[in-house]
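Heads up: the structure comes next, in C-alpha cells.
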C-alpha cells in the first residue's frame, strides 16, 4: 500500500507511538534458522506422491481420535489483558468428548467496542505483534455481538499444547477508513498458555543416522543438537523416523502442523522439527 503524507498518516503515526509509550513491545521475530550440516544426495526420478490426506486416528475407526484428557478436564486457563487494562477476556480450555478441546470465553470487557478476533498462536506473542498465518481456531465478533461463549478447537488437534499463547486482535470492517483504527491487525492483548496435557514422550531423544533411500534430506543443527530436517524428493515418514531413531508417531508429535498422509510420503521442501523444545 502506498503511503501519502496526509492527515491520515499523522493519525496512524500518533496512534502507534501512543501504544508504544503505554509499555507495549515492538514486533517480535522468529529464531534464526540453523545452518545445514550437509548437502542432500543426488536423487533419481521418482513418482510424485499422492496428495490424499487422512485424519489422525486411533485403531481402525476413522471417526475415533485420540483423547488425551478426560472430558471436562481443564487443560489451560488464562486472562488476556491489554497493557492499559482497558480490554480483557478470560479463556478456559477444557477437554471435550470429541477428542479435541473447547475454549470457554467469559468476562469480556472493553472501553472501546470494536470488531475483534481471538487467536491461538504457536509462539509467545506480545502487544503490537503483527499477523500470524499459523494461528489456530480464530474466532471473530462484532462490537455489538461480543464474543461467543465457546469455541471448539478442532484445528488445534488432539494435543494443542504446542500453542504457546492466546491473543486479541482488532479485526477489519468492510469499507472501513484505515485511519480510524490504525491498529487493526496488530495484537492488542496477549497471554501465554500453561497446559496440563502430559508429555507422551518425556524421554524423546533424536539421533542423526546415515541418510538412506526415503530419507535423503538435509539435517540442520542448533547448539550442537539436531534441530530440523529438510524433506527431499521421495522421502517417507517411516524411513525418516527410522533415520533419527524415533517412531512416525513421535515425528508427528514433534510437528503438529504436519498433515498425516495415507501413503507415508512427505512433501518435498518442507522442514520438519527435530527438537522437542521447539515443538
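The values are calculated or read from the model by the stated rules, or taken from the named source; none is laboratory data. Keep in mind the model is a prediction, meaning the values are calculated, not measured. Here the Cβ positions follow ideal geometry from the backbone for every residue, glycine too, while neighbour counts run over all protein chains shown.
Overview of values
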item	result
Single unsatisfied condition, residue 264 versus (1) in contact (Cβ under 8 Å) with a residue 24 or more places away in the chain; (2) under 30 Å from residue 128 (Cα atoms)	(2)
Any chance residue 227 is touching a strand residue (DSSP E or B) at 6+ places or on another chain (Cβ under 6 Å), at pLDDT 95 or above and within 30 Å of residue 72 (Cβ to Cβ)	no
Matching option when the condition is surrounded by 15 or more Cβ atoms within 10 Å (Cβ to Cβ), part of a strand (DSSP E or B) and within 22 Å of the chain's Cα centre (by Cα), among 272, 204	272
Selection within the range 207-226 - more than 18 Å from residue 266 (Cα to Cα) and either crowded, with 19+ Cβ neighbours inside 10 Å or not assigned by TED's automatic domain parsing to the domain that holds residue 244 (or both)	226
Filter pass, residue 254 being under 22 Å from the mean Cα position of the chain (by Cα) and closer than 30 Å to residue 79 by Cα	yes
Test: residue in the range 133-144 that is without any contact (Cβ under 8 Å) to a residue 12 or more places away in the chain and either in the same structural domain as residue 79 (by TED's automatic domain parsing) or in contact with a helix residue (DSSP H, G or I) (Cβ under 9 Å, 6 or more places away or on another chain) (or both)	yes
Odd one out for residue 193, checked against (1) modelled with pLDDT of 95 or more; (2) more than 17 Å from the chain's Cα centre (by Cα)	(2)
In the range 100-122, residue nearest to the chain's Cα centre (by Cα) [restricted to those that are crowded, with 16+ Cβ neighbours inside 10 Å and assigned to a loop (DSSP other than H, G, I, E, B)]	122
Residue selected from the range 151-174 under the condition within 17 Å of residue 80 (Cβ to Cβ) and in a strand (DSSP E or B), by the criterion farthest from the chain's Cα centre (by Cα)	170
Within the range 218-246, tally of residues that are outside any strand (DSSP E or B) and either touching a residue at least 12 places away in the same chain (Cβ under 8 Å) or more than 23 Å from the chain's Cα centre (by Cα) (or both)	16
Matching residues, the range 247-269, being in contact with a strand residue (DSSP E or B) (Cβ under 8 Å, 6 or more places away or on another chain) and outside any strand (DSSP E or B)	251, 254, 255, 258, 259, 260, 262, 264, 266, 269
Pairs where the first residue, in the range 194-212, is at positive phi and the second is surrounded by fewer than 13 Cβ atoms within 10 Å (Cβ to Cβ) and not in a loop (DSSP other than H, G, I, E, B), C-beta under 9 Å, 6+ apart	none
